[in-house]
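Trainee: The structure is given below, and queries will be raised subsequently.
The values are calculated or read from the model by the stated rules, or taken from the named source; none is laboratory data. Since the structure is predicted, the reported quantities are computational estimates derived from the model, not experimental observations. Here Cβ is always computed from backbone atoms with ideal geometry, including for glycine, and neighbour counts include all displayed protein chains. The area values use the complete protein model at the heavy-atom level, side chains included, leaving out ligands, DNA and RNA. Shrake-Rupley method; radii C 1.70, N 1.55, O 1.52, S 1.80 Å.
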Amino acid sequence: MIAPHSTATPGSPRAVRKAVVPAAGLGTRFLPATKATPKEMLPVVDKPAIQYVVEEAAAAGLDDILMVTGRHKRAIEDHFDSAFELEQALAAKGDTMRLDAVRDPARLADIHHIRQGDPLGLGHAVLCARHHVGDQPFAVLLGDDLIDPRETLLSRMLEVRERREGSVVALMEVDPEQIHLYGCAAVEPTGEDGVVRVTALVEKPAPGAAPSRYAVIGRYVLDPAVFDVLEHTPPGRGGEIQLTDALQDLAAGGTVHGVVFDGLRYDTGDKADYLRTVVRLACDRPDLGPEFSRWLKEFVAGLAGGASDGEEECTAA
Ligand code: UTP
């Protein structure tokens, strides 16, 4: 079990304990790999992306995690369950290291699953969690959005929620040409370093229409008031029920804050970003990093030297 670094007071009536991990999307950007495999199960070095997300929630002290899954998402449920035959085989061999690796996912937290049915949008996925969450604030972590394990963004967001109530979103400054890919926040200062008040939100603004360069990234700490709003949120951009649209309602009431994040974040649902994630995290691994980084340097030097035969480069290791 990962040692929590949460700042929330355990047992306080408003302490956040539950996390919701939406993982029911279609993953069309990663086809054909995601035809039969959920994108959240794509391996990042040797763990599926969603395991990093659950580890992050556990590290922030959230011990109850609800995965919102859909059709073809059985692999997610199996990954966070015990694997009797595999465990028996590894135990018989005395391979305790691999046995721990197999058992770890199920030990991270109290993990629950619910099916979304039809992927009607992120807002709808969050609404599916209503019964499980009840009338308490809760965190939402997108299952394909990785925050580097060394960052403490979620703990900071939980701490801001403790002090300011309402809902808290994570914001990252992105290039103006990229902002149309995200929900975008109009903000005003609070006087606190790295914390802003969100005055308006717009999902994937048309080029030139973005109110700022602040993109909403896949971490939220939400007040349960969001459920009543989601119940009445009509389909928005892309015909989907958008979480951003519900948060826009709450922002108009002055109850949404943003924590500005300038650390390392990876969108593993995007092919190019996925590749960068794997390379980066592999280089950081004490067991793989030194040898892999050496190979990578040679490979990149080969590219810079204008090597034209791709096969030659790849077999150079
Ligand atoms: P994305 O915006 O990445 O959409 O969802 P997507 O459908 O999963 O993937 P692409 O764009 O087609 O490649 C952001 C997060 O919200 C979840 C996804 O699983 C992902 O974690 N989601 C999205 C749901 O759980 N349900 C939905 O209906 C939509």
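Trainee: Report yes if some residue within the range 159-168 is farther than 27 Å from P207 by Cα, within 14 Å of the ligand (Cβ to nearest atom) and touching a residue at least 12 places away in the same chain (Cβ under 8 Å); otherwise report no.
Mentor: No; the residues of the range 159-168 include none that is farther than 27 Å from P207 by Cα, within 14 Å of the ligand (Cβ to nearest atom) and touching a residue at least 12 places away in the same chain (Cβ under 8 Å).
Trainee: While we're looking at this one, here's another question. When residues of the range 203-222 are filtered for being in contact with a helix residue (DSSP H, G or I) (Cβ under 7 Å, 6 or more places away or on another chain) and open to solvent by 40 Å² or more (accessible area, probe 1.4 Å), how many remain?
Mentor: Total meeting the criteria: 4.
Trainee: Working carefully through the options I114, I65, find the one that is touching a Cys at 6+ places or on another chain (Cβ under 8 Å) and touching a residue at least 24 places away in the same chain (Cβ under 8 Å).
Mentor: I114
Trainee: L127 passes all but one of (1) over 19 Å from H232 (Cα atoms); (2) surrounded by 13 or more Cβ atoms within 10 Å (Cβ to Cβ); which number fails?
Mentor: (1)
Trainee: Among the residues of the range 79-97 satisfying the criterion of being open to solvent by less than 80 Å² (accessible area, probe 1.4 Å) and more than 16 Å from the ligand (Cβ to nearest atom), which is farthest from the chain's Cα centre (by Cα)?
Mentor: Among those residues, the one meeting the criterion is G94.
Trainee: Of all residues being in a loop (DSSP other than H, G, I, E, B) and either closer than 26 Å to Q136 by Cα or open to solvent by 40 Å² or more (accessible area, probe 1.4 Å) (or both) in the range 46-77, which is nearest to the ligand (Cβ to nearest atom)? Just the residue, please.
Mentor: Going through the qualifying residues, I end up with G70.
Trainee: Any chance you could count how many residues in the range 126-158 are more than 15 Å from the ligand (Cβ to nearest atom) and under 20 Å from L264 (Cα atoms)?
Mentor: Going through the range 126-158 one residue at a time, the tally reaches 11.
Trainee: For the subset of the range 68-100 comprising residues that are free of Cβ contacts under 8 Å to residues at least 24 places away in the same chain and among the aliphatic types (A, V, I, L, M), which member is farthest from V160 (Cα to Cα)?
Mentor: A92
Trainee: Output the residues belonging to the range 21-45 that are within 14 Å of the ligand (Cβ to nearest atom), part of a loop (DSSP other than H, G, I, E, B) and touching a helix residue (DSSP H, G or I) at 6+ places or on another chain (Cβ under 7 Å).
Mentor: Listed by number, the residues that qualify are A23, A24, G27, T37, P38, L42.
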